[in-house]
1. Let a ≥ b ≥ c be the square roots of the eigenvalues of the Cα gyration tensor of the stretch 5-228; is it rounded (a/c under 1.5), or, if not, prolate (a/b larger than b/c) or oblate?
2. In deg cm²/dmol, rounded to 500, what helix-only [θ] at 222 nm does the chain give when every DSSP H run of at least 4 residues adds -39500 (n - 2.57) and the total is split over its residues?
3. At what distance in nm do the modelled label points of residue 237 and residue 587 sit from each other, each positioned 7 Å from its Cα along Cα→Cβ?
4. Local charge sum around residue 266 (other residues, Cβ-Cβ under 9 Å, Lys/Arg +1, Asp/Glu -1)?
5. If I model a spin label as a point 7 Å beyond the Cα along the Cα-Cβ vector, how far apart are those points for residue 200 and residue 277 in nm?
6. Find how many whole Å separate the alpha carbon centroid of the stretch 336-411 from the alpha carbon centroid of the stretch 135-167.
7. Kindly state, to the nearest 0.05, the FRET efficiency for residue 403 paired with residue 531, given R0 = 25 Å and r defined as their beta-carbon distance.
8. In nm, what is the difference between 0.36 nm times the number of residues separating residue 151 and residue 177 and their Cα-Cα distance?
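Each value in this text was obtained by applying a stated rule to the coordinates, not by laboratory testing. Since the structure is predicted, the reported quantities are computational estimates derived from the model, not experimental observations. So basically every Cβ, Gly included, is an ideal-geometry build from the backbone, and we count neighbours across all protein chains shown.
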Amino acid sequence: MRSFWLFQASCTGLDKKKTAFFWAWNFFLVLASGICLGGVSLLFAYGSYSPNVFYSYFTHPLILALNLAPVVGLEMLLWCLTGRSALSFFLTGFVTLGFSIGNYFKLLFRDDPLMFQDMRNIREALSITNTASYDLTPDKRIVFGVVCLIFGTVVLYFTARGIPGKKRRFAGAAVILLACFPASKAYTSERVYNTLTANYDHINRWAATQLYVSKGFVYPFLHSITAGAAKEPEGYDKAETAAMLAGYTDADIPEEKKVDLITIQLEAFADFSRFENVEGIDFEKAYSTFHAIEAESVTGNLITNIFAGGTVDTERAFLTGYTDLRDFRTDTNSHAWYLQSQGYTVEGSHPSYQWFYNRRNVNSYLGLPTYYYFENYYNQVDSVNLAADRLLFPEILELYRNNRGEDPYFSFNVTYQGHGPYATTENQWKGESFTDGRYSTETTFIVDNYLASVKDTAQELRIFLDELQREERSVVVVVYGDHMPWLGDGNSAYMELGADLDTSTEEGFLNYYGTRYLIWANDAAKKTIGHDFVGEGDTVSSCFLMNEVFESLGWEGSAWMQAGNEIRKTLPVITSLGRFMENGCLTDVLSVQGQEKLKAFQWMEYYLCETFLY
């Protein structure tokens, strides 16, 4: 076969006509193989969603082109650099299918696509994969993709052996690289992403994951590169924004109103009893203790930006008051910095690893100079496992009592116990059962294990609060869930329970992105602040939860806090999902006043990200 003139490595000895056909043949095979490779990558892009999503890629030419072009371009570039078509195909396939399969598994297990920012969290992903017992057995799609890679490599090895001269190859490489600059605008453009590649027929446009999936994989992945940095808002005027903030001044907390403040973000903690039409679950058994705590607290609904993962979004929105959360690489304004400026001792803890989400660095940038992780503290409590709440809550209390000194004290804590998955064994956690037998075995294990964890967390919280009730010092505790939990691949348990997760409706959106918060005070704090800390608080988004806390305490707070309070009178819920709450209703279309408030919020948020005040 190699002796046939078309499959030789060189066109030496061929006439002009055959020479032209020889190079056209080699170019065509490399081009066609790149297109096919891009097509195979799309086979993984829709995850477990309807195959109609996959077919839709081919009815939207721009989506198809934006997904295929980078794959073809990479293979062409490698061919120009190496001169070997089979090698360039294999390397391109290894990268493209490697990322595509990674995205595929992430969609299957967490209903969460692979973003460029996830590349910084490879260690976290590997750690979770090793400990969560995910089934990584290759399925038919993966086998097909691997076979295509091997087959394509072999075919090109025998049929496209032409090696262009170095000058032509390097000239071709230069052309491809130069073409990347104008082409990159299509991948970073918000107009292209939000409008020109709209593909809503088979997905819910308000579900961030489905919106990503509707555009393939290679294209939205490359687009996500721009999501790591805060983007300058449209029409942003730095001087005008500075003038807005100049209308407010950091207010000191009156000495007689200072209380110790302990906040606890509960991993994946949610109250399922709020779901309508879900039967066969003993919610009273699961939530009686938690509801009793709520009855003696200020409680309300918290609207997050995330579902079943992305813990740091809620915790950093809570600490900063921002929704556009960049990749923090320097000191950034936060409520923790403000409390430091007010004389507070500031610290916190999380029983997981300090490298997880780069908390070791980022927390210090956000005003938490002292933080306790598994490596520097909790490994002494349990040297093998990440501390459960029965160990974590007493340690939070111990740290409070040992480190508060004479100064007021602020502690920001994040739990780990509620982390999924919840169906790793066939035995209910602590032998507890909350379902009545009507659900499948898998759903029963998931729900029983999850609710057993929830019940245990509430009981440990009850013990913790009872201890603080005995304190002579004034103590206020803020507790909230960071996001809804994972309940099976593709949300299988939610589907079987009949929970409404249709984010195009208000009820479904609140179910999907909503958790609960509570603000509890001991008797000493009630006396200090002057009210009983009982009742229903406002529905707020993650960025405004600390505002709600300060309002309950009667504190004015920083200039940013005061500006935020003015904005949330009109928009108590601002999300990064393009959904807001105005006049008590969820909406994506704001009034003129709402648009002005949102603009002011976004401008000040961007300004404060760029200008450190403390």
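1. prolate
2. After summing the helix terms and dividing by residue count, I get -15500 deg cm²/dmol.
3. Each label point lies 7 Å from its Cα, and together they span 2.5 nm.
4. On the way: positive: none; negative: 267, 389, 482.
Surrounding charge for residue 266 is -3.
5. 2.3 nm
6. 50 Å
7. 0.35
8. 6.5 nm
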